[in-house]
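S.K.: Have a look at this one before I ask anything.
Read-outs throughout are calculated quantities, based only on the coordinates presented, and are distinct from any laboratory measurement. Bear in mind that the values here come from a model prediction, so they are computed numbers and not experimental data. No Cβ is skipped: glycine too gets one built from the backbone with ideal geometry, and neighbour counts run over all protein chains shown.
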Amino acid sequence: MLLSPTLQKILCKKSIHKYYFKEWSSHLFDRLRVQFGGKCVVCGQLWELEFAHVKPTGLNGDGRGRKERYYDIKNHPDCYALMCTKDHKEFDKISQELKAEWLTKNAKFLQKI
């Protein structure tokens, strides 16, 4: 299937924009990870890190975007903790009332921001 030159330019611009946005947002999240200590608060792992909701902020569900998530973490750092994938899954299984107690007991590497 051949595309017109105009359509090729449009598709190319969208691909480039998507690529740069992904790179830009990745860089911002890397900076946040460093600010949060750069390791899992539970086990100290340095890779496969995710931001876990410690307290609700009103931002949840699959509809949130990376930009909204970034600003929510930046504006409410006390509501998030950096965890590896394994510990984040375990943490999410706990009821909201028990999360603070679980963190106090298990977070060996927790640092206040």
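S.K.: Summing +1 for each Lys or Arg and -1 for each Asp or Glu, what net charge is found among the other residues whose Cβ lies under 13 Å from the Cβ of residue 48?
M.R.: Net charge in that neighbourhood comes out at +2.
S.K.: Using the structure shown, select from 74/105; 39/86; 67/93; 39/99; 67/105 the pairs with a Cα to Cα distance greater than 21 angstrom.
M.R.: 74/105; 67/93; 67/105
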